[in-house]
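Report on one structure; see the data block that follows.
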Amino acid sequence: MAPSKPTKRRAGGATRLSSEYAACLEALAQRRRFGIRPGLETIRALLGALDHPELAFRTIHVAGSKGKGSVTAIAASVLQAVGGRVGRFTSPHLLSYRERIAVNARPIPPAAVVAGVARIESTTARLLRSGALEREPTFFEATTALAFDWFREQKVDAAVIEVGLGGRLDSTNVLDSPVGVITTIELEHVEILGPTLTAIAREKAGILHRGMAAFVGETKAEPLAEIHRIAGSLGVPVLHLGREIAVENRSLDEHGQTFDLTTPHAAYPKLRLPLHGVAQSGNAALAVAAVERFQEALDGRLSEAQVRRGLAKVRWRGRLERFGRSPEGWLDVAHTPESALALARSLAEINPLADPEGNAVVFGCLAEKRVDEILEALAPLAATLVIAPVRSARALEVAAIQRSAAGRFPRVVVAPDVATAWRLARIAADPEGFVLVTGSDYLVGDLIASVEGRPEDEPDLSDPGVARSPEAASP
């Protein structure tokens, strides 16, 4: 697979990209044409040929329909406060592919991406020639191998690994983790995970295995029963947010929120979390409880001072992130009806007296999303909807969003791009109101890039490679 010729791009100012790094990302992006291939045979063969980097460190494994990225980021930050080197693997990214793979919150360097991908591609070619591999790795499989290889090279003491899609057949599910987290269960990716909450719970609970402790967020009775069934068959103890793990006395301020946390191991009064949103205190509670058990599995302990230090340093962009003033701006990557409802509740508690007439929503999403239900959840927030195209071959057409918005928003405007949509929404909103940008990670990432510029030497590939292959998809 020959990387396409790199081009000179601009990121904030005139910047010439590293040709090797740009070509490497183009080569990786081409793997998106292989789509999503649930199954572990390919990743196991690839990791085996790389001498099993996934065995070089202990992990916390995080699955779920929403909130799993936040739990991963918070758990990694708390683990970093404990000491040592901590890997973090998440997807997708907002501004840079390198965000997906970080050690002590520092993204993998471009040179390491180039060297790691070259190693994976040469290993893949050798395995294909010998017949040990039956197909090319997908984009996500190659990225997973790159992450594990980099974590081993960096001699991380621990890593927090976010599942890409599902759990049972996700390429991250080769780990022997002492702790697993399942945040929530919602109807998502039904064409791959199954048409019911029980079927989706079965896939996500596939990360559970004997010897693990499981932590589960607040979810409906139907999927919870399936998680309990699978956990029980494996002898896995399950601890629940809202039962053994409790959040109380939550209060808000301009910079985040404060809450009391009780876990099976300790009570933490007045914890500070620099993230907004009704779900984030629960995500933090799951993360802290998971790190407690992880430390116990390693014959260590987690102190209150470490919890406070770790939470204070959490940074996780695009999750109810304040972005501008007068009118106040907010960014959120909500892309399911449930997350849109949680987003609406969060904004209602932050701005309890907000008049919808003075607010605006910038929206765009991918084609597989339940757009009618998402817009229904967002409609009470604002009178103006500005539709922005998402730069992805999987994007839902603007005309389809217009049809869904009809009758839900008094004013609907179509913009040619997210930067224009942002400007129009800020004009439409009152200075005392707010502008919300939501619906897609790609949309939020593009807006941040349009305002702040892209990181130095980072190609402008919002959804890399997919535009060349509309049928492809990948986490």
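For the stretch 118-141, indicate whether the set of residues that are more than 30 Å from residue 223 (Cβ to Cβ) and among the aromatic types (Phe, Trp, Tyr) is non-empty. Taking every residue of the stretch 118-141 in turn, none turns out to be more than 30 Å from residue 223 (Cβ to Cβ) and among the aromatic types (Phe, Trp, Tyr).
If we scan the stretch 175-185, do we find a residue that is over 18 Å from residue 97 (Cα atoms), without any contact (Cβ under 8 Å) to a residue 60 or more places away in the chain, out of contact with any Gly (no Cβ under 6 Å at 6 or more places or on another chain) and not assigned by TED's automatic domain parsing to the domain that holds residue 342? Scanning the stretch 175-185, I find no residue that is over 18 Å from residue 97 (Cα atoms), without any contact (Cβ under 8 Å) to a residue 60 or more places away in the chain, out of contact with any Gly (no Cβ under 6 Å at 6 or more places or on another chain) and not assigned by TED's automatic domain parsing to the domain that holds residue 342, so the answer is no. Can you tell me which of 318, 310 is within 22 Å of residue 377 (Cα to Cα), crowded, with 20+ Cβ neighbours inside 10 Å and small (Gly, Ala, Ser)? Result: 318 is the single residue among 318, 310 that is within 22 Å of residue 377 (Cα to Cα), crowded, with 20+ Cβ neighbours inside 10 Å and small (Gly, Ala, Ser).
On the stretch given as the stretch 76-108, residues that are closer than 16 Å to residue 60 by Cβ, crowded, with 21+ Cβ neighbours inside 10 Å and out of contact with any strand residue (DSSP E or B) (no Cβ under 7 Å at 6 or more places or on another chain) total 3. Checking each residue in the stretch 53-72 for being in a helix (DSSP H, G or I) and within 11 Å of the chain's Cα centre (by Cα) picks out 68, 69, 70, 71, 72. Scanning the stretch 22-42 for residues that are more than 21 Å from the chain's Cα centre (by Cα) and buried (at least 22 other Cβ atoms within 10 Å of the Cβ) turns up 22, 24, 42.
For the stretch 340-347, state whether one or more residues are assigned to a helix (DSSP H, G or I) and touching a strand residue (DSSP E or B) at 6+ places or on another chain (Cβ under 6 Å). Within the stretch 340-347 (the criterion being assigned to a helix (DSSP H, G or I) and touching a strand residue (DSSP E or B) at 6+ places or on another chain (Cβ under 6 Å)), the answer is yes, since at least one residue qualifies. Output the residues belonging to the stretch 378-403 that are of a type in the set (Gly, Ala, Ser), surrounded by fewer than 22 Cβ atoms within 10 Å (Cβ to Cβ) and at pLDDT 95 or above. Matches in the stretch 378-403: 379, 383, 399, 400. Residue 282 passes every criterion in (1) part of a helix (DSSP H, G or I); (2) within 30 Å of residue 355 (Cα to Cα); (3) touching a His at 6+ places or on another chain (Cβ under 8 Å) apart from (3).
The values are calculated or read from the model by the stated rules, or taken from the named source; none is laboratory data. Worth saying up front: this structure is predicted, and the values here are computed from it rather than measured. Cβ coordinates were reconstructed from backbone atoms using ideal geometry, including for glycine residues, and neighbour counts include every protein chain displayed.
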